[in-house]
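*Asks:* Sharing a structure here in structure tokens format.
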Amino acid sequence: MRAAGEDTNPRGSRRSSVRGYPARDRTEDPRSYAVGSYSARNAAEKSRARGLKAVLVCVVLIALALALTLAGIIWFSQNPGSNPDEGAGFLGQPAGEQSAPAASYTITLDVSANPGAALSHSSVSAELGTSVERLPFATLAGMRFTGWYTAPPGDPAAVKVDNASLNVLARDSDQTLYAGFETRPSSTDYDNPGLPILMYHYFYDPENGETGEDANWLDIRLFREHLAFLQSNAYYFPDWEEVVAYIRGEILLPERSIVLTSDDGAESFFRLAAPLALEYGARMTSFIVLIDLLPERLEAYDPTRIFIQSHSYDMHRGGSDGDARILTASYQEIYDDAIRGKEILGTMWAYCYPFGKTNDTARAALSDAGVGVALVIENDRAYPLCDPMQVPRLRINDGTTAEYLASVAY
Ligand SMILES: [Zn+2]
């Protein structure tokens, strides 16, 4: 997928750089400024000599271009199955229809019926025959974005399209989708089905002789069953920007949305869970105590599919009273700790409280630090306009079956 109108043809820039070379050569040649040491005759002779040289260079270049063109024609005639784009790029020559970049179509996103609506980009494109990867959401003060529709608001023929139902869109022609909004709820919206945010911890592989140490360790074969259930039921895995907007009451999520998170277990998460999540097309978050984060973790996976978020920078330990440190830390300590985490990750969409513990001081410090949502363990779904600094999660223990997952997720 690429932005509409983006020029993917490298030939244009190549031509302009060749044209630009002689001009740059003339003006940047320091000899051009040494006027005092040349007589008029010498200058004329040198000028003629330079003219002859230029003609010779041109002849050589033309001959070279003809030779390359001929070589290209022969090469294409002998390699009919080869990649036409590569051939065109190498030769710097048009090579007929085969050399054109893959044709694409564009979906225009129309918010014109909603003055003041904001949108990160107003169109998305994809190659013909393929689906766009995802649609952005629109926002509007006081309203909740319900999704994109195939016809303007009020048209009874309009069909809703969201990121879980992109397959209803044609993949061979330009089209326009129209934003839908409804009034934003003013208090926690329990009429909404709620978003299940699952909390996993560590993973182990019995087929590799591993065992779990306690209920926080999940048999990786069970995790595969969870993922297979979610995939076969076409669940959607929103990213944290979408989750934050959903909790703020700014957007609805696709009906079957779910968030997978894993606390603490960096080693088994990256070794066992993350590859499996990707295999099943899921997105998943690892909450890591950032003082322990290995820098290479940040580059190990596609950041649009495997998210690393903060489990505090260094609050995951006991405090002065023997309970979680965050409960006795000062506002400033919690605030500074959160900012330190943001400096490492670059974002602060989600924060997972160490041991799930929080209080008024922690909620205020994290909110002021700019955390999008902070997560506790309350064994409930997350609802729009719940307290964003106290968002519940559903605990997954070893032995949790796909059947149980179905009961909490659907
Ligand atoms: Zn933890």
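*Asks:* In the range 175-207, whose amide N lies under 16 Å from the spot 7 Å out along Cα-to-Cβ of ASN397? List them in ranges.
*Replies:* Residues 199-202 fall inside that zone.
*Asks:* If you stretched the chain out fully between GLN390 and SER186, how much longer would it get, using 0.36 nm times the residue separation minus the C-alpha to C-alpha distance?
*Replies:* Between GLN390 and SER186, full extension yields an extra 71.7 nm.
*Asks:* Provide the descending list of Cα extents for the range 197-409 along its principal axes, expressed in whole angstroms.
*Replies:* Cα extents, longest axis first: 45, 41, 31 Å.
*Asks:* Multiply the residue separation of ASP360 and SER120 by 0.36 nm, subtract the distance between their alpha-carbon atoms, and state the gained length in nm to one decimal. Present the calculation step by step, with values, prior to reporting the outcome.
*Replies:* Numbers: separation 240, 0.36 × 240 = 86.40 nm, distance 3.40 nm.
Result: 83.0 nm gained on full extension.
*Asks:* For the range 234-245, just list the computed ³J(HN,Hα) in residue order, Karplus coefficients 6.51, -1.76 and 1.60, θ = phi - 60°, integers in Hz, with x standing in for Gly and Pro.
*Replies:* With the stated coefficients, the range 234-245 comes to 6, 5, 10, 10, x, 8, 5, 4, 5, 5, 4, 5 Hz.
*Asks:* A further question on this structure: Taking the Cα centre of the range 197-409 as origin and charging only Cβ (+1 Lys, Arg; -1 Asp, Glu), how large is the dipole, in debye to the nearest 20? Show your work: numbers first, answer last.
*Replies:* Working: 17 positive and 34 negative charges, 85 e Å.
Taking the Cα centre of the range 197-409 as origin, the dipole is about 400 debye.
*Asks:* Semi-axes, largest first, in whole Å: what does sqrt of 5 times each Cα gyration tensor eigenvalue give for the range 174-228? Each step should come with its number before you reach the end.
*Replies:* Numbers: eigenvalues 334, 72, 11 Å².
Over the Cα atoms of the range 174-228, the ellipsoid semi-axes are 41, 19, 7 Å.
*Asks:* For GLU210 and ASN233, FRET efficiency with R0 = 30 Å and r from the beta-carbon atoms, rounded to 0.05?
*Replies:* 0.55
*Asks:* May I ask for the equivalent-ellipsoid semi-axes of the range 104-183, computed as the square root of five times each C-alpha gyration tensor eigenvalue and listed largest first in whole Å?
*Replies:* Details: eigenvalues 91, 35, 23 Å².
Over the Cα atoms of the range 104-183, the semi-axes work out to 21, 13, 11 Å.
*Asks:* Next up: Ranked by Cβ crowding within 10 angstrom, fewest neighbours first, how are THR361, THR188 ordered?
*Replies:* Fewest to most other Cβ atoms nearby, the residues stand as THR188, THR361.
*Asks:* Suppose every K and R has +1 on its Cβ and every D and E has -1 on its Cβ; what is the size of the dipole of the range 318-385 about the Cα centre, in Debye to the nearest 20?
*Replies:* 200 debye
*Asks:* Based on the Cβ-Cβ distance from ALA158 to THR130, what FRET efficiency comes out when R0 is 25 Å, to the nearest 0.05?
*Replies:* Once rounded, the FRET efficiency stands at 0.55.
*Asks:* For the range 128-282, how big is Rg over Rh, using alpha carbon atoms and the Kirkwood form of Rh?
*Replies:* Radius of gyration relative to Kirkwood radius: 1.06.
*Asks:* Under 9 Å from the Cβ of ILE288, count the other residues' Cβ atoms, weight Lys and Arg +1, Asp and Glu -1, and hand me the total.
*Replies:* My count for the surroundings of ILE288 gives -2.
*Asks:* So what are the range 228-330's ellipsoid semi-axes, whole angstrom, largest first, if each one is the square root of 5 times an eigenvalue of the alpha-carbon gyration tensor?
*Replies:* Working: eigenvalues 153, 72, 28 Å².
Semi-axis lengths for the range 228-330 are 28, 19, 12 Å.
*Asks:* Between GLU225 and GLU241, what length comes free when the chain is fully extended (0.36 nm per residue of separation minus the Cα-Cα distance, one decimal in nm)? Can you show the working numbers first?
*Replies:* On the way: separation 16, 0.36 × 16 = 5.76 nm, distance 2.74 nm.
Answer, rounded to one decimal: 3.0 nm.
*Asks:* For the range 104-183, give the magnitude of the charge dipole about the Cα centre (Cβ charges: +1 Lys/Arg, -1 Asp/Glu; no others), in debye to the nearest 20. Spell out each step's value before the answer.
*Replies:* Details: 4 positive and 8 negative charges, 39 e Å.
My answer is approximately 180 debye.
*Asks:* How do SER312, SER173, SER125 rank when sorted from fewest to most other Cβ atoms within 10 Å of their own Cβ?
*Replies:* Neighbour counts put them in this order, fewest first: SER173, SER125, SER312.
*Asks:* For the range 104-183, with the dipole built from +1 on Lys and Arg beta-carbon atoms and -1 on Asp and Glu ones, taken about the Cα centre, which of THR146, GLN175, VAL132 lies farthest toward the positive end?
*Replies:* Working it through, the farthest residue towards the positive pole turns out to be THR146.
We did not get these values from a lab; they are worked out from the coordinates using the rules stated. A quick note: this is a predicted structure, and the numbers were derived from the prediction, not measured. Cβ atoms come from the backbone with ideal geometry, glycine included; neighbour counts cover every protein chain shown.
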